[in-house]
1. Among Thr134, Thr144, which is in a helix (DSSP H, G or I), of a type in the set (Val, Ile, Thr) and surrounded by fewer than 20 Cβ atoms within 10 Å (Cβ to Cβ)?
2. Can you list residue pairs whose Cβ atoms sit under 8 Å apart, with the first residue in region 119-140 being more than 30 Å from Glu252 (Cβ to Cβ) and the second being part of a helix (DSSP H, G or I) and of a type in the set (Ser, Thr, Tyr)? Count only pairs 6 or more apart in sequence or on different chains.
3. Give me a count of the residues in region 26-43 that are among the charged types (D, E, K, R) and either open to solvent by less than 60 Å² (accessible area, probe 1.4 Å) or at pLDDT 85 or above (or both).
4. Looking at (1) more than 27 Å from the chain's Cα centre (by Cα); (2) closer than 30 Å to Ala46 by Cα; (3) not aromatic (Phe, Trp, Tyr), which is the one condition that is false for Ala254?
5. Do you know which residues across region 90-118 are part of a helix (DSSP H, G or I), in contact (Cβ under 8 Å) with a residue 24 or more places away in the chain and either in contact with a helix residue (DSSP H, G or I) (Cβ under 7 Å, 6 or more places away or on another chain) or of a type in the set (S, T, N, Q) (or both)?
6. How many residues are open to solvent by less than 70 Å² (accessible area, probe 1.4 Å), assigned to a helix (DSSP H, G or I) and either closer than 27 Å to Ala123 by Cβ or in contact with a Lys or Arg (Cβ under 8 Å, 6 or more places away or on another chain) (or both) when one looks only at region 241-271?
7. So Lys237 clears everything in (1) within 60 Å of the chain's Cα centre (by Cα); (2) surrounded by fewer than 16 Cβ atoms within 10 Å (Cβ to Cβ); (3) not β-branched (Val, Ile, Thr) except one condition, right? Which one?
8. I'm told Arg311 meets every condition in (1) basic (Lys, Arg); (2) open to solvent by 100 Å² or more (accessible area, probe 1.4 Å); (3) at pLDDT 75 or above except one. Can you identify the failing condition by its number?
Amino acid sequence: MEIDSYLGAIRRRLWILILVPLLAAGAVIAWELLQPPEHQVSATVAAPAVVGGSATNQYSGANAPRAFVADFSGAITSPLIVNQVAERTGATPNAVKNGLAVSQIGDSSLVQVTYTTPDRDRAVPVLNEAAGATIRFLFQTQVTLAQKMVNEARKGVDKVNGELGAFYRKTGQVLPDEAYRIAAQQVADLQREQASARSRGEYTQATALESTISARKEEVAALAPQVAAYQSLIDRKEQALGRLNVLEEGLERAQAQYSAADPRSIVSIGEVQKASVLTSLAKKVVAALGAGLFLAVGIILMLELGSRRSRMEMEGPQQGASRGVGSTPDYVRSRS
């Protein structure tokens, strides 16, 4: 079909292009008007104390508000939060998820949460539970993670303490480095005494001290590996304790942020109002008009193709009849 054919088909069947979209839009309007009235309630989530500010905050830096709003928007409609809200309020998960909407107020960290539902009595409980559960989830995860890391660090400290206890039981030394220092000092003192005796000509006494000096040297030699092992354990313990202290400080900060993000103090819920159907109805009507127009074009195309096929089938027999039955074929006449 050429462009002229399309334009001609559209002119002939213009009523289809008008009627089908109007019927689709009318059906959407009728359906919406038959639905029970919906109610809407909004809440403002204001958590400036935990968004931005100190670099130790969970949400810090220039992109902190955007990151907070993105996390909040994703979490509030997650299966975890939706199922929790549905269980505690009696609403269905689909009603909770489909009725919630989140928007950022300007470029700030303030979030507006709106819940739309035909059940007026459940509007505030669902919104309150959804906003509170989302806030607790966002900041509780940091506390949980920090607590887990602290527990692991404590296990590290306990492990080193256990190894130190086994070392004490095996060697019988509580402070081998101190014992080593004392034994080495005794060797030095005995060697000075031996040298002094020799200088005085007291060779018998100097010879007698030789065995004592040898015994003290053997004791020092035996303590040397114990001191190395002990010092290694002490170094590991100090590192483990240092890591534990850092992680405990992080846990305290996470717990402080969690306390500052208490939903009871940062979530403000407004009054329930009757939701306006104009905005949603306008969107649905526009979509229905577009779908109806697309359907109308398809109907016209099918009708035109069907009509064209019928004409071709009718023209075939008519052309055969115009030649006449039993007439001499053209190639025979040409030979004659």
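1. Every option except Thr144 fails the conditions.
2. As it stands, the answer is Arg122/Thr89; Pro125/Thr89; Val126/Thr89, since those pairs meet every condition given.
3. Count: 1.
4. (1)
5. Residue satisfying the conditions is Val96 alone.
6. So the count comes out to 3.
7. Every listed condition holds for Lys237 apart from (2).
8. (3)
The values are calculated or read from the model by the stated rules, or taken from the named source; none is laboratory data. Everything numeric here is computed off the predicted structure, so don't read it as measured data. Positions of Cβ are backbone-derived with ideal geometry, glycine not excepted, and every protein chain shown enters the neighbour counts. Areas reflect the complete protein model, heavy atoms only, side chains present, ligands, DNA and RNA absent. Shrake-Rupley method; radii C 1.70, N 1.55, O 1.52, S 1.80 Å.
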